[in-house]
Amino acid sequence: MARVTRTPLIAGNWKMNLDHLQSIAFPQKLHWSLQDARHDYSAVEVAIFPPFTDLRSVQTLVAADKYDLVYGAQDLSAFDSGAYTGEVSGAFLKALEARYVIIGHSERRQYHHETDEEIAAKVAAALRHGLIPVLCVGETADDLEQHGPSAIPVAQLRAALAGTPAGTELVVAYEPVWAIGSGQAATPEQAEQVAAALRAALVELIGQDSADATRILYGGSVKAANIASLMRQPNVDGALVGGASLDVAEFSSIAQFPKHVGT
Ligand code: PGA
């Protein structure tokens with residue numbers, strides 16, 4: 001069978017960093033850096049995920065200056081509107097021309113006690129509003145010891161996509177919790193092993209064609225020095241980058257991974 005080509009996605013998760021003013025300077029510098037490097041966005045898609053309060057600034061900049069950068073939000077409400085103080089609806093994100101939304105990041109599972117049911121409801125909400133979910137799954141160090149590498153990420157994937165119809169477009173991010181912010185990324189072989197298991201589960205969940213088309217990102221201490229070896233794995237189609245996405249030169253270099261020779 002011919003190998004399906006999936007356009008790699010390099011995604012920068014800013015977490016709770018950079019306010020709405022900084023969110024103008026940063027994408028400008030990133031755009032210039034990638035322009036200087038003659039970045040081909042059709043070969044490697046580049047997305048940023050700023051805090052909610054930055055999204056309007058980013059939208060204005062990207063639209064006015066016709067940047068090829070795309071953007072998304074770090075979370076959304078499972079509900080569409082109404083008495084949900086502090087929540088942000090998928091409809092609002094769509095109105096700001098967000099393309100993606102991160103769902104189920106381990107920091108939200110951990111600090112906000114998001115359950116698999118809530119995450120599934122958020123996936124459904126994103127799809128209702130035409131947003132592409134970037135669904136995060138990943139095991140803790142304890143999980144890894146007790147259940148092995150792929151059991152927890154696959155179980156999280158199944159729970160989140162239980163009601164999702166075949167043909168759905170989404171992105172999956174495999175982020176081992178022990179690798180996030182630790183400086184200790186998974187090895188390329190570890191990332192590939194779990195990504196392959198996730199893709200096999202996707203076949204059952206959303207069908208062969210959609211599973212083949214789904215980009216599976218790796219996240220957790222990705223930097224310019226380790227991106228190329230991760231991207232050489234057949235089932236790793238990009239990266240969700242936290243800390244290193246806040247440094248323009250480093251993030252720009254990560255996005256240019258096809259040029260990294262011998263790393
Ligand atoms: P990190 O974060 O790159 O700083 O490890 C990744 C993430 O949490 O998405």
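The values are calculated or read from the model by the stated rules, or taken from the named source; none is laboratory data. Only a predicted model underlies this, so the values are computations on that prediction, with no experimental measurement involved. Reconstructed Cβ throughout: ideal geometry from the backbone, glycine too, with neighbour counts over all protein chains shown. Note: areas computed on protein heavy atoms with side chains; ligands, DNA, RNA excluded. Shrake-Rupley method; radii C 1.70, N 1.55, O 1.52, S 1.80 Å.
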Determine, yes or no, whether GLU250 is within 16 Å of the ligand (Cβ to nearest atom) and within 23 Å of ASP75 (Cα to Cα).
no
Considering LEU170, LEU205, LEU135, LEU230, which residue is among the aliphatic types (A, V, I, L, M), away from the ligand (no atom under 16 Å from the Cβ) and under 17 Å from the mean Cα position of the chain (by Cα)?
LEU170
Within region 142-156, the residues that are within 16 Å of HIS105 (Cα to Cα) and either within 16 Å of the ligand (Cβ to nearest atom) or surrounded by 22 or more Cβ atoms within 10 Å (Cβ to Cβ) (or both) are PRO153, GLN156
Output for Cβ contacts, cut-off 7 Å, separation at least six or different chains, first residue at pLDDT below 95 in region 1-20, second of a type in the set (D, E, K, R), reads VAL4/ASP212
Listed residues GLU250, GLU204; which is surrounded by fewer than 20 Cβ atoms within 10 Å (Cβ to Cβ), without any contact (Cβ under 8 Å) to a residue 40 or more places away in the chain and over 21 Å from ARG6 (Cα atoms)?
GLU250
Could you grab the pairs with beta carbons closer than 6 Å, sequence gap of 6+ or different chains, first residue in region 226-240 and under 22 Å from SER210 (Cα atoms), second one open to solvent by 30 Å² or more (accessible area, probe 1.4 Å) and among the small types (Gly, Ala, Ser)?
ASN235/ALA196
Residue pairs, Cβ under 9 Å, 6 or more apart or interchain, first in region 174-186 and more than 8 Å from the ligand (Cβ to nearest atom), second outside any loop (DSSP other than H, G, I, E, B) and basic (Lys, Arg). List them.
VAL177/ARG109
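Quick grid of which residues meet (1) open to solvent by 10 Å² or more (accessible area, probe 1.4 Å); (2) closer than 18 Å to GLY242 by Cα:
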residue: TRP14; (1), (2): no, yes
residue: ASN17; (1), (2): yes, yes
residue: SER23; (1), (2): no, yes
residue: LYS29; (1), (2): yes, yes
residue: GLN35; (1), (2): yes, no
residue: ARG38; (1), (2): yes, no
residue: ALA43; (1), (2): yes, no
residue: VAL46; (1), (2): no, yes
residue: PHE52; (1), (2): yes, yes
If you go through region 198-229, how many residues are closer than 29 Å to ALA25 by Cβ and assigned to a helix (DSSP H, G or I)?
5
